[in-house]
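Structure first, then comments.
The values are calculated or read from the model by the stated rules, or taken from the named source; none is laboratory data. Bear in mind the structure is a predicted one, so any value in this text is a computation, not a measurement. Every residue, glycine among them, receives a Cβ derived from its backbone with ideal geometry; neighbour counts consider all protein chains shown. In case anyone asks, the SASA skips ligands and DNA or RNA and just uses the protein heavy atoms, side chains included. Shrake-Rupley method; radii C 1.70, N 1.55, O 1.52, S 1.80 Å.
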Amino acid sequence: MEEALDEPLLEERRRSGSASTQASREDDGAGVKRWTIRRVVLQESAWLALGCVVLLIRMPFSIAMPYFQALVLAKLAGHERHEVWSTIKFMAGAGCIDAVLDFWCVYLFSYTKSRLIKSLRLKLFEKVLAQEIGYFDVTPSGELSSRLTTDIATLANDMTWVFRFSIEAVARILGVSLTLFHTDWRLALVTCTAVPLLAGANRLYSKFLRENAIRVQDSLAKANSVAQEVLSCFRVVYSFANEKYEYQRYQKEVSKNFHLNVKQAIIDGFYYMFVSTFLMNTAVRVLIIGYGAHLFFAGEIDFEKLSRFVFFLDMLQNWCNMLFDSFSNLIKSGGASAKVFEILNRTGAAGRGKGGAGDDRRGDDEGEPLDQRNDAAGSGQGHVAFENVHFSYPARPGDIVLKGITFEAEAGKTLAIIGRSGSGKSTLIHLIENFYQPSAGRVLLDGRDVHSFEHTRLHSIVSIVNQDTVLFGGTIYDNITYSVHNSGEPLLARELMPRVVEAAKVANIHDFISSLPEGYDTEVGERGVQLSGGQRQRIAIARAVLMNPRVLLLDEATSSLDNESEKAVKDALDRVMENKTVIVVAHRLSTIMNAHSILVMEDGAIVDCGPPSGMQDRLRSGAADMEILE
Ligand SMILES: Nc1ncnc2c1ncn2[C@@H]1O[C@H](COP(=O)(O)OP(=O)(O)OP(=O)(O)O)[C@@H](O)[C@H]1O
């Protein structure tokens, strides 16, 4: 069962699609199974069933206790010494068996809970990784990490314990109720008068809980999101001395969560005051003892029966409380599960090419074996073309960023894109990377729409080095080899090391790495903070060199560097660019004079293109930004 969970969603969707052609409540109508609490619980049904079996075996041993207690009291009253001791022995025996079985109940349900948490976390993370880039433009990462941690733990925790206690409580309540009727049906009927009041109170309480739980989880996710943002950009916070401001921002979100919890506490208080303490503990008890005393004095019930009834009533109340707790936890976990299932059931990762995790769309070459498709897709030289491309970002659909872009980047040549800030240069790069899809027109790589490429294939042909180089926490070696993780190449240091060193030499960073005491095993810190911008940039170039892409995208790769670092990075890039299709985005014309051709962008359109010679004069005579001409 566990292996099945770890398989890619794609496979799972294929299986589920072929297993059932009929749309059900758990179908999204296209044969893809939706995630529901029921489906999650069913995945662990074997373990849950085992737990329930132990629970049922345990039941008679724990239910026997009040019976033995009442019997001992009655025998004591009758001075039946021998019977008293033998009943106590039975009582102790039943209690010991009950205790051993209790261990297994706790273990089995806890184990199931851990399995649920693990599989839900993996499934959710896999699903998040399968989302299109536009999704991350509008969803704070802190919110997603809150879903992955708190929400999943709450959901799994509540589900398993609720499951356990609900089953146990329902079984015991039924068993005890039957015993109560068997003991004295008149007293049992009096107990039942509380049922309509209980049902009414539960209805109101559950309505409140459901609504509040969603708000509580949302406020937690927002607080988490603020904390994550601040911690990941702490240098900026520090440099503006904005610790107090950020504290207040976090405090605002945490306070919202606090107020919701206080509201919850007040309603909880009223609920338990009325249902548990007043109704069950006081009203029912007073009625039963009063009516029981009346029956006793009338000679219609004996002492043993009455005390047995009261002991069982205690047990009934305890288990009713347990059931109420389970029930309220279940509803509260609905707040956490709503968001988790919203992500798990999110379909149509529109920006992802075929074959990416979670993708279930069919392309125009579906039916061809994947290897053949990839071979066909990978056989070109790296020719890139835009055909009348229009584009708006999903976060701002009304803002047209590209307005009918058409151009070609010849294989093996360097095309430079220049233009004012905000004119749409990086957006062209994003579309070649298939981060987003055009609203109209096509982006082609070797004559094929980039969107029809198998995801890993496209990103083994096209590589990017941009201005804000992000390294991952880990060693320099880990960061350079990051580009070959999806290639299926062996990642063993022994086999890759010579190529890593070669790539670092091409990227002009080998000497620096060798000067470090731990060389390639040096830790770079979170997001590479322990290195300079230029060093990070050259490690990113080494990463691209190791991958040996056919198309290299350079998005202002040297614009944030000082002259010395810029020279080192440029020398590295010149070596990497040989025999590759290179599309380079630049701010200044002087940095791209050795390109084969230049595109000039303005306000989402191409306003000029041609070889560098003459471009400077044309730009000068036009309305170009002076900064570009530097
Ligand atoms: N993820 C996004 N969501 C919404 N709008 C975006 C997004 N990224 C960029 N934009 C908008 O798209 C337009 C073009 O941005 P783009 O980054 O392509 O410009 P650019 O020419 O590369 O600018 P610069 O030289 O300053 O980097 C801008 O108006 C920008 O605000």
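Here are the numbers for this structure:
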| item | result |
| --- | --- |
| Heavy atoms of residue 439: accessible area, 1.4 Å probe, square angstrom to 10 | 80 Å² |
| 20 Å binning of all Cα-Cα separations within segment 44-344, expressed as whole percents from 0 upward | 26, 45, 22, 6, 0 |
| Those lysines that a straight Cα-Cα span of less than 22 Å connects to residue 256, excepting residues fewer than 8 apart in one chain | 207, 222, 244, 332, 339 |
| Net lengthening on full extension, residue 104/residue 150 (0.36 nm per residue, minus Cα-Cα) | 13.9 nm |
| Gain on full stretching of the segment that runs from residue 567 to residue 239 - 0.36 nm per residue minus C-alpha separation | 115.2 nm |
| Nearest-0.05 FRET efficiency for residue 111 and residue 199, computed from C-beta distance (R0 30 Å) | 0.30 |
| Dimensionless Rg ratio for segment 271-343, taking C-alpha atoms and the 2.2 N^0.38 Å reference | 1.65 |
| Net lengthening on full extension, residue 39/residue 526 (0.36 nm per residue, minus Cα-Cα) | 171.6 nm |
| Solvent-accessible heavy-atom area per residue, rounded to whole Å², over segment 231-285 at 1.4 Å | 72 Å² |
| Per-residue SASA entry for residue 166, accessible area with 1.4 Å probe, Å² rounded to 10 | 30 Å² |
